[in-house]
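First the structure, in the form of structure tokens, and then the observations on it.
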Amino acid sequence: MTGFTFLCAAIALLAFAPPARADWMFAGFVGGAATHSATLRIEQPALGSDFEVHDVAFAGRSFESPVYYGYRILWAGPRQGRVGFEAELIHLKVYADGGALVRVHGTIGAAPIDRTMRFGEVVERFSISHGLNLLFGNLVLRQPIGGAGPVRDRRVVLAVRLGAGPTIPHAESTIGGRTQEQYEWGRVAGQIAAGVEYRVTAHLAAIAEYKVTATRQRVAVPDGSASASFTTQHAAAGIAWRP
């Protein structure tokens, strides 16, 4: 439902772009993502718990179901297709490592705590595996390699993306034996990316890209909330089709 809603909204927005000399491109990609370690804060006011778990390691599991993927719709018109505007969805995942040793500091059940322990001893499970879904509106700058003229006539094109937009995380957590999971509206995310388009036929191109995304999220967990910053490096490849 999330992907369908995004696709409908993107088509509706981009449909108002003027058609003259427009270059439309529809792309899909898969790949791998690595999220940096971060401090996870758990707040459960009713239980008297407010603590931070430092240096939590996150796995991406990009090729396990549900896999990492993304798709986007580009319209490029100005400067012979060198400047474009784009709607993009990225299905990113993060899984906290339950066996890693971490430092826990704060209060749990109104009792102070400051010691090193396994992550799974204090938080049995924390993941955002049905997607830290990133919805971006991107500004795209494209530079053809070799020759002048419109971008769509060149075989190799370099592209840089700057984007920002909302998120729709689906967090899954188990704390103190209680489990909770849900979709919710998250906070804003940003990205910077650089990649290449290689035209295979008049309508089909291969794409490859490196991205860095960043967002700070606060999601619901049993009896409270969890918050952390997620900075992620992505390597992606896929195909693009232009009418």
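The values are calculated or read from the model by the stated rules, or taken from the named source; none is laboratory data. In this text, all values refer to a predicted model and were calculated from it rather than measured experimentally. Cβ placement follows ideal geometry from the backbone for every residue including glycine, while neighbour counts extend to all protein chains displayed. Ligands, DNA and RNA are stripped out before the accessible areas are found, and what is left, the full protein with its side chains, is counted by its heavy atoms. Shrake-Rupley method; radii C 1.70, N 1.55, O 1.52, S 1.80 Å.
Protein heavy-atom surface of the chain, 1.4 angstrom probe: 63% of the accessible area is carbon and sulfur, with nucleic acids and ligands not counted. Can you work out the PRE-style zone for ARG79? Point 7 Å along Cα to Cβ, and I want the residues of the stretch 145-178 with backbone N under 17 Å. Hits in the stretch 145-178 for ARG79 at 17 Å: 145-154, 157-163. With all protein chains in place and ligands, DNA and RNA left out, the 1.4 Å accessible area ranks ASP50, ASP55, ASP23 as ASP55, ASP50, ASP23, largest first. These residues, TRP241, TRP24, TRP75, TRP185, go from largest to smallest accessible area, 1.4 Å probe, as TRP185, TRP241, TRP24, TRP75.
In this calculation the C-beta distance from ALA34 to HIS203 is compared with R0 = 35 Å, giving a FRET efficiency of 0.60.
If packing is taken as the average count of other Cβ atoms within 10 Å, what order do 222-234, 103-115, 121-133 fall into, highest mean first?
Working: 222-234: 18.3, 103-115: 12.8, 121-133: 20.5.
By packing density, highest mean first, the sequence is 121-133, 222-234, 103-115.
Counting only DSSP H runs of at least 4 residues, each contributing -39500 (n - 2.57), and dividing by the residue count of the chain, the helix-based mean residue ellipticity at 222 nm comes to -2000 deg cm²/dmol. For the chain, the longest principal axis of the alpha carbon atoms and the long axis of helix 2-14 meet at an angle near 40°.
If the segment from PHE63 to ASP97 were pulled out straight at 0.36 nm per residue, it would be longer than the present Cα-Cα gap by 10.5 nm.
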